[in-house]
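Chemist: Once you've had a glance at the structure underneath, I'll fire off some questions.
The values are calculated or read from the model by the stated rules, or taken from the named source; none is laboratory data. Only a predicted model underlies this, so the values are computations on that prediction, with no experimental measurement involved. Cβ placement follows ideal geometry from the backbone for every residue including glycine, while neighbour counts extend to all protein chains displayed.
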Amino acid sequence: MSRWLKAGLPLLFFLVIAWFLLKGLDRNPREIPSPLINRAAPVAVLEALPRLDDRAQAIAFKDLIGQVWLLNVWGSWCSGCQIEHPLLNRLAAEKLIPIVGLAWKDAPAQSHEWLSRLGDPYTMVVMDLQGKAAIEWGVYGAPETFLIDKNNKVRYKHVGPLSLEIIDKELRPLIASLKQ
């Protein structure tokens with residue numbers, strides 16, 4: 001092997017790695033791409049969290065087809081979920097859109113305690129005790145929120161706690177356009 005080739009290979013290797021590292025600086029770490037965008041939402045059969053109050057489970061997943069709806073992944077152990085929960089309560093009070101809660105790796109007793117203490121914005125709560133549904137949805141961590149259209153396609157994903165700004169500037173306009 002020539003002397004130039006021996007010297008050039010490490011340099012080439014270094015340049016390739018440097019290019020990938022520099023390319024990564026252009027990315028927003030809060031934007032985590034979802035392979036589900038514009039694809040059908042997973043329809044895993046999940047057990048509903050039994051209601052403690054007289055309110056019956058309002059809907060099933062199959063009942064959501066034909067509607068625009070939100071899936072909010074949360075857990076009673078999640079500090080970010082506490083931050084966004086008052087906003088979900090407010091959004092639910094407006095009756096703008098059905099909100100389905102996915103209690104991720106959360107014991108039913110803890111989920112009940114959380115909802116009774118902080119309020120229940122969800123039309124339906126399903127349990128994902130093993131985390132299998134979260135894998136199907138491509139969840140990185142709680143909280144995460146997905147917007148699903150009338151044709152059961154995922155149109156939006158937000159990683160992290162929702163804020164009033166995200167709801168007003170991103171979700172509301174998208175919901176309005178999808179409801180037409």
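Chemist: Is there a residue being crowded, with 21+ Cβ neighbours inside 10 Å, under 12 Å from Trp74 (Cβ atoms), in contact with a Phe, Trp or Tyr (Cβ under 7 Å, 6 or more places away or on another chain) and touching a residue at least 60 places away in the same chain (Cβ under 8 Å) anywhere in segment 149-159?
Modeler: no
Chemist: Name, by its number, the condition in (1) touching a Ser or Thr at 6+ places or on another chain (Cβ under 9 Å); (2) more than 17 Å from Lys105 (Cβ to Cβ) that does not hold for Gly138.
Modeler: So Gly138 meets the others, but not (2).
The rows are residues; the columns are (1) part of a helix (DSSP H, G or I); (2) surrounded by 15 or more Cβ atoms within 10 Å (Cβ to Cβ); (3) touching a Leu at 6+ places or on another chain (Cβ under 6 Å); (4) without any contact (Cβ under 8 Å) to a residue 12 or more places away in the chain.
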{"site": "Val73", "(1), (2), (3), (4)": "no, yes, yes, no"}
{"site": "Cys81", "(1), (2), (3), (4)": "yes, yes, no, no"}
{"site": "Ala92", "(1), (2), (3), (4)": "yes, yes, no, no"}
{"site": "Gln110", "(1), (2), (3), (4)": "yes, no, no, no"}
{"site": "Glu113", "(1), (2), (3), (4)": "yes, no, no, no"}
{"site": "Tyr122", "(1), (2), (3), (4)": "no, yes, no, no"}
{"site": "Phe146", "(1), (2), (3), (4)": "no, yes, yes, no"}
{"site": "Leu162", "(1), (2), (3), (4)": "no, yes, yes, no"}
{"site": "Glu170", "(1), (2), (3), (4)": "yes, yes, no, no"}
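Chemist: Report, by residue number, each residue of segment 129-160 that is β-branched (Val, Ile, Thr) and within 9 Å of the chain's Cα centre (by Cα).
Modeler: Val139, Thr145, Val159
Chemist: Read through the list (1) modelled with pLDDT under 70; (2) within 24 Å of Asn152 (Cβ to Cβ), then give the number of the only condition that Leu49 fails.
Modeler: Here Leu49 clears every test but (1).
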